[in-house]
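This report refers to the structure that appears directly beneath it.
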Amino acid sequence: MADILDLDHADAVRLELTGGKGASLARLRQSGFEVPPAFCVTTGAYARFVRANGIDTAIGAILAGLDTADHDALDAATARIRGLIQDCEFDAALVGGIAEAYGRLDAAAGEKGPYVAVRSSGT
């Protein structure tokens, strides 16, 4: 399975691969609605990233017993997780895949470096 899926890819509609927002946007685009070209980094890529960097256990420990209704605790937990992720190395193949996907956006927009929006998933 590819780590990067354009919204036009048949598997991009799969919730378990692209999350709710990505799957919904893919469904709309594939149904002919005017949705700008986009791509999703899959949940599988995220899972491999955290395992490869050895932070899956630490993230699990941070989330264990977290009261998501406690906004201060939630903010503190997400800050800790963000710090773990920012200290990690990205796999060269994943970085290359993202760069290629941005290149396809360049081609679709007809310009170099078009404006983009980034939307994270619940993952």
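The values are calculated or read from the model by the stated rules, or taken from the named source; none is laboratory data. These figures come from a predicted structure and were not determined experimentally. As a convention, Cβ positions derive from the backbone with ideal geometry for all residues, glycine included, and neighbour counts pool all protein chains shown. Note: accessible area is taken over every heavy atom of the protein model, side chains too, but ligands, DNA and RNA are not part of it. Shrake-Rupley method; radii C 1.70, N 1.55, O 1.52, S 1.80 Å.
Quick rundown of the values:
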{"item": "Residue within the stretch 55-64 that is in contact with a Lys or Arg (Cβ under 8 Å, 6 or more places away or on another chain) and either closer than 30 Å to ALA26 by Cα or outside any loop (DSSP other than H, G, I, E, B) (or both) present", "result": "yes"}
{"item": "Residues satisfying the stated conditions in the stretch 13-34, i.e. of a type in the set (A, V, I, L, M, F, W, C), closer than 21 Å to ALA108 by Cα and either within 12 Å of the chain's Cα centre (by Cα) or in a helix (DSSP H, G or I) (or both)", "result": "VAL13, ALA23, LEU25, ALA26, LEU28"}
{"item": "Positions within the stretch 8-25 being within 23 Å of ASP91 (Cα to Cα) and either touching a Phe, Trp or Tyr at 6+ places or on another chain (Cβ under 7 Å) or surrounded by fewer than 20 Cβ atoms within 10 Å (Cβ to Cβ) (or both), in sequence order", "result": "HIS9, ASP11, GLU16"}
{"item": "Qualifying residues in the stretch 26-61 (those that are among the polar types (S, T, N, Q) and within 22 Å of GLU89 (Cα to Cα)) - the one surrounded by the most Cβ atoms within 10 Å (Cβ to Cβ)", "result": "THR42"}
{"item": "Residue under evaluation VAL118, criteria (1) surrounded by 10 or more Cβ atoms within 10 Å (Cβ to Cβ); (2) closer than 23 Å to LEU15 by Cβ, criterion not met", "result": "(1)"}
{"item": "The stretch 78-104 residues that are in contact (Cβ under 8 Å) with a residue 40 or more places away in the chain, paired with ones that are basic (Lys, Arg) and open to solvent by less than 50 Å² (accessible area, probe 1.4 Å) (beta carbon under 8 Å, 6 or more apart)", "result": "none"}
